[in-house]
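Below is the structure I would like to discuss, written out as structure tokens.
The values are calculated or read from the model by the stated rules, or taken from the named source; none is laboratory data. Source: prediction; values computed, not measured. No Cβ is skipped: glycine too gets one built from the backbone with ideal geometry, and neighbour counts run over all protein chains shown.
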């Protein structure tokens, strides 16, 4: 009897060994099999998809065989390994084991989206909406509703996102990318604020951000940013109006058709720096680190005026007579190829968004990088001795919260 039990035990062990061996062989064969593809393909792994479901789908599509054994392998060898959503690049000759290595490393196919300095928030939204690989969750929402979803309710969105090239994988949401750009702006602004010059006319980082947006829209010539900021800071110090056309254009919103008139310059809006003293209530565009640095480290000097040469650069003047001479030379005798700033970056059209209630933030159209041709870029400004009119009241919804 004892011998029979020993024999049965030995037989069972042999059978178990054979089964384990056969299983190991089947798993090995399943792992080293080449993917059944003849050209490069992308494997999409949606959010929430498990390795088991992915193996079964690949088997159903004829890309692999023996999905059962691959599921057994994953269950016993990689039970805690997550399968990140996204796209994975499959190439001819790649084995299943090679594909699993991509999964383990999280090596998804990446795409990029560039947010450009000088764009307004509608242009940012339009660029996001055109990316088919990004999961769209903000379509149909107003700007204020977008900020609610980002976790920044009550914050005016203009200028609050950092222009940069952002990498993303398929399935990433527009909210996730915007959060990254928002946090990046806060990080850059805080760092530059901590390295700012002394005696600046800003109550906090947010006002510096507003100034940076004016600098960004006035010039794309890197070496001029500090000079432009210096002119604006000196004007604020002596009570002169800033008188910068991009703020007027921004305040006109959808009514701006590409031509800026003298009547526009006299129209009272919260953004018309020909009618209000000091800074407008919010930024007017996205700004890069260079513009922020310039606003916080303006170049010393005595110039109070500047006018575009027509090649993207400017002539700076200390007094009104010199400025008027520059206006006559560069503005009244314009060449056919005259340009007040470098060629603008092509921006996408603005997406459709629901109309806001009257008290909500104003909607704006894309602002051209070059100043219009109907009036000189900088008209003779108000004399320092002439009292400036009271600032026009800003809409409640446009009043931002400072990033102290």
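Cβ contacts < 6 Å: first residue more than 12 Å from residue 157 (Cβ to Cβ), restricted to the stretch 126-145; second residue in a helix (DSSP H, G or I) and at pLDDT 95 or above, any location; separation 6+ or different chain. Result?
128/174; 134/174; 136/174; 137/174; 137/175
When residues of the stretch 278-290 are filtered for being over 14 Å from residue 243 (Cβ atoms) and surrounded by 24 or more Cβ atoms within 10 Å (Cβ to Cβ), how many remain?
Count: 6.
Now for a different question. Identify all residues within the stretch 253-277 that are surrounded by 20 or more Cβ atoms within 10 Å (Cβ to Cβ) and in a helix (DSSP H, G or I); write none if there are none.
If the condition is that a residue be surrounded by 20 or more Cβ atoms within 10 Å (Cβ to Cβ) and in a helix (DSSP H, G or I), then 264 is the only one that fits.
Could you please find all residues in the stretch 278-307 being within 25 Å of residue 325 (Cβ to Cβ) and either modelled with pLDDT of 95 or more or assigned to a loop (DSSP other than H, G, I, E, B) (or both)?
Once the filter is applied, which keeps residues that are within 25 Å of residue 325 (Cβ to Cβ) and either modelled with pLDDT of 95 or more or assigned to a loop (DSSP other than H, G, I, E, B) (or both), the stretch 278-307 yields 298, 299, 300, 301, 302, 303, 304.
Is it true that some residue in the stretch 297-310 is over 28 Å from the mean Cα position of the chain (by Cα), crowded, with 22+ Cβ neighbours inside 10 Å and more than 18 Å from residue 236 (Cβ to Cβ)?
yes
Only one of these is assigned by TED's automatic domain parsing to the domain that holds residue 217, touching a strand residue (DSSP E or B) at 6+ places or on another chain (Cβ under 9 Å) and in contact (Cβ under 8 Å) with a residue 60 or more places away in the chain: 239, 312, 278. Name it.
312
Now for a separate question. Give me the strands (runs of 3 or more DSSP E) completely within the stretch 78-186, filtered to those with at least 3 residues that are within 20 Å of the chain's Cα centre (by Cα) and in the same structural domain as residue 42 (by TED's automatic domain parsing), ordered by residue number.
In the stretch 78-186, no matching strands (runs of 3 or more DSSP E) lie anywhere.
With the condition kept exactly as written, say whether any residue in the stretch 59-69 is free of Cβ contacts under 8 Å to residues at least 12 places away in the same chain, under 39 Å from the mean Cα position of the chain (by Cα) and more than 19 Å from residue 108 (Cα to Cα).
Yes, the stretch 59-69 contains at least one residue that is free of Cβ contacts under 8 Å to residues at least 12 places away in the same chain, under 39 Å from the mean Cα position of the chain (by Cα) and more than 19 Å from residue 108 (Cα to Cα).
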